[in-house]
Every structure is written in C-alpha cells, then in structure tokens.
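For reference, the structure discussed in these notes is given below.
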C-alpha cells in the first residue's frame with residue numbers, strides 16, 4: 001500500500017523528469033521567442049531549475065537513508081550488546097561450589 005508521502009514524492013520526481021525531457025521538445029517547436037537575438041531561453045532555465053531541484057532531492061534522500069541505516073545499525077549493536085551483557089550477568093550469578101561434596105556423594 002502506498003502512503004500519501006510516497007505518492008507525492010513519485011509525482012514530484014515525475015514532474016522533474018517531464019520538465020527535463022519536455023522543455024527541449026517545446027524549445028524545438030516554439031516560435032514566440034528569439035533565443036539567439038535576446039539570449040533569454042525560458043525553457044532552458046526551467047530545465048536547469050528542475051535538474052537542480054532533482055539533484056538536491058536526490059542528495060537529501062541519500063543523506064536521510066544513510067542516517068536511517070546508521071541508526072538501525074546502532075540499534076542492532078545495542079541489542080546485541082544488551083543480550084551479551086544479560087548473558088554475562090546470568091553466568092556470573094551461577095553459584096560456584098567452594099567445598100567438596102558430602103562424603104555420601106563421593107565415588
């Protein structure tokens with residue numbers, strides 16, 4: 001089941017890809033601006049902005065995923081250390097015989 005955050009993220013990524021691929025196609029067929037004369041290319045600016053946002057989004061996702069992995073690894077080590085500590089304490093609580101068994105039990 002998809003969460004609403006997952007759906008929004010996928011739509012956001014799809015819009016970045018659509019802008020990056022669609023703007024050059026629009027640029028090929030537009031007749032309303034004179035890019036070579038005035039140097040103002042709206043479609044190229046939109047592509048650059050979309051790609052910058054996409055790179056920032058990707059880096060943010062990598063950083064967040066790395067932190068989640070680090071936290072889960074730390075938690076796993078804490079769990080293992082706690083299990084070892086419990087085992088050590090339990091083994092220390094076992095009584096150690098200090099005297100010989102009674103003569104009746106000796107073989």
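Every number in this text was worked out from the coordinates using simple rules, so none of it is lab data. All figures in this text were calculated on a predicted structure; none of them were measured in a lab. In this analysis, Cβ positions are derived from the backbone assuming ideal geometry, glycine residues included, and neighbour counts consider all displayed protein chains.
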Roughly how many nanometres apart are two label points built 7 Å out from the Cα toward the Cβ at residue 34 and residue 4? 5.0
Just to be sure I understand the model, the point goes 7 Å from the Cα along the line to the Cβ. What's the resulting residue 52 to residue 69 distance in nm? 2.9
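On a full-extension model of 0.36 nm per residue, what is the gain between residue 11 and residue 27, subtracting their alpha-carbon distance, rounded to one decimal in nm? All intermediate terms of the calculation are to be shown ahead of the outcome.
Values: separation 16, 0.36 × 16 = 5.76 nm, distance 2.35 nm.
Gain on stretching residue 11 to residue 27: 3.4 nm.
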